[in-house]
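Colleague: One structure coming up, written as structure tokens, with questions to follow.
The values are calculated or read from the model by the stated rules, or taken from the named source; none is laboratory data. Computed from a prediction, not measured in an experiment: that's the story for all the values here. So basically every Cβ, Gly included, is an ideal-geometry build from the backbone, and we count neighbours across all protein chains shown.
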Amino acid sequence: MLTAERDDTDKLSTYVADARRMGIEVLPPNVNDSKLDFHVQESNDGNNAVRFGLCAVKNVGEGAVIEILRARSEHGSFNNLDDFCTHVDLRKVGKRALDSLVKVGALDMFEERNKLLGSIEQLVGASSAIHKAKEVGQISMFDILPEDVGTEKIDLVDDVDDFSPKQLRKWEKDLVGVYISDHPLLANIAQIEDIITAYSIDLSDMDGKIVTLAGTIATFEYTLLRKVIQWLLSL
């Protein structure tokens, strides 16, 4: 069901919330573990969990995912960032898709997101140089020894600010439709569930009914707020 609704963020967020309420762990996108779509895998505690598919990430097309899966199928899980750039042709993935994958944490096992985002050009450039050399026959996969793959060669940008948890949550919400690493309401979820009477996905069937919802304010329009204040003052 999650796979069928991967492009409908409202339904997707509801299904993810339902899974979490039932005690089913929902794991984030990960270039070493994710497939094209959602799938069930064993979590660290031995229970079944649902892993996000890479195609559920906005701006990441099937072509980009197929290239990542091809490299992983042929060479195994990626040991580090250099291994990833060596075996995945990032020209086929694209900067925009790579940017989105980094923002939702799909490469968190390699490095912090701020350093990765500041180094997108370097990552794509390094991968492009390797794969161009392969194409013209300057190097082959046999020239890349295991000890080479196991060491980091790509110099990442270090002089970058850390991103706040709020910024990371916003990227996750924007790009996959749900909060993955954390949720602003999670600390109070038990109290919230005792109060609410409906979820956003149910509203179309509840026309005319009084409901209690819980949510967060993502943005607000100051001009509208000013008009509301002026209207209230005029009463």
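Colleague: Regarding region 56-75, can at least one residue be identified that is more than 19 Å from Ser181 (Cα to Cα), under 14 Å from the mean Cα position of the chain (by Cα) and not aliphatic (A, V, I, L, M)?
Modeller: Among the residues of region 56-75, at least one is more than 19 Å from Ser181 (Cα to Cα), under 14 Å from the mean Cα position of the chain (by Cα) and not aliphatic (A, V, I, L, M), which makes the answer yes.
Here is a yes/no grid of residues against (1) among the aliphatic types (A, V, I, L, M); (2) under 14 Å from Lys35 (Cβ atoms); (3) assigned by TED's automatic domain parsing to the domain that holds Ile154:
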{"site": "Cys55", "(1), (2), (3)": "no, yes, yes"}
{"site": "Ala71", "(1), (2), (3)": "yes, yes, yes"}
{"site": "Cys85", "(1), (2), (3)": "no, no, yes"}
{"site": "Ala97", "(1), (2), (3)": "yes, no, yes"}
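Colleague: Listed residues Asp143, Asp161; which is within 24 Å of the chain's Cα centre (by Cα) and either at pLDDT 90 or above or not basic (Lys, Arg) (or both)?
Modeller: Asp161
Colleague: Tell me, yes or no, whether region 179-188 has at least one residue that is modelled with pLDDT of 75 or more and surrounded by 13 or more Cβ atoms within 10 Å (Cβ to Cβ).
Modeller: Taking every residue of region 179-188 in turn, at least one turns out to be modelled with pLDDT of 75 or more and surrounded by 13 or more Cβ atoms within 10 Å (Cβ to Cβ).
Colleague: Under 6 Å between Cβ atoms, at least 6 apart or on separate chains: pull out the pairs that start in region 22-41 with a residue that is within 18 Å of Phe84 (Cα to Cα) and end on any residue that is outside any loop (DSSP other than H, G, I, E, B).
Modeller: So the pair list comes out as Pro29/Leu54; Val31/Ile68; Asp33/Arg51; Ser34/Arg51; Ser34/Leu54; Leu36/Cys55; Leu36/Val65.
Colleague: Between a residue in region 61-79 that is in contact (Cβ under 8 Å) with a residue 60 or more places away in the chain and any residue that is in a helix (DSSP H, G or I), which pairs come within a Cβ distance under 7 Å, given they are 6 or more apart or on different chains?
Modeller: Close Cβ pairs (under 7 Å, with a partner that is in a helix (DSSP H, G or I)) amount to Asn79/Val149.
Colleague: Please indicate, with yes or no, whether at least one residue in region 196-218 is assigned to a helix (DSSP H, G or I), assigned by TED's automatic domain parsing to the domain that holds Arg113, at pLDDT 75 or above and among the acidic types (Asp, Glu).
Modeller: No: zero hits.
Colleague: Out of Asp82, Asp45, Asp89, report the one residue that is at pLDDT below 95 and within 21 Å of Leu123 (Cβ to Cβ).
Modeller: Only one candidate qualifies: Asp82.
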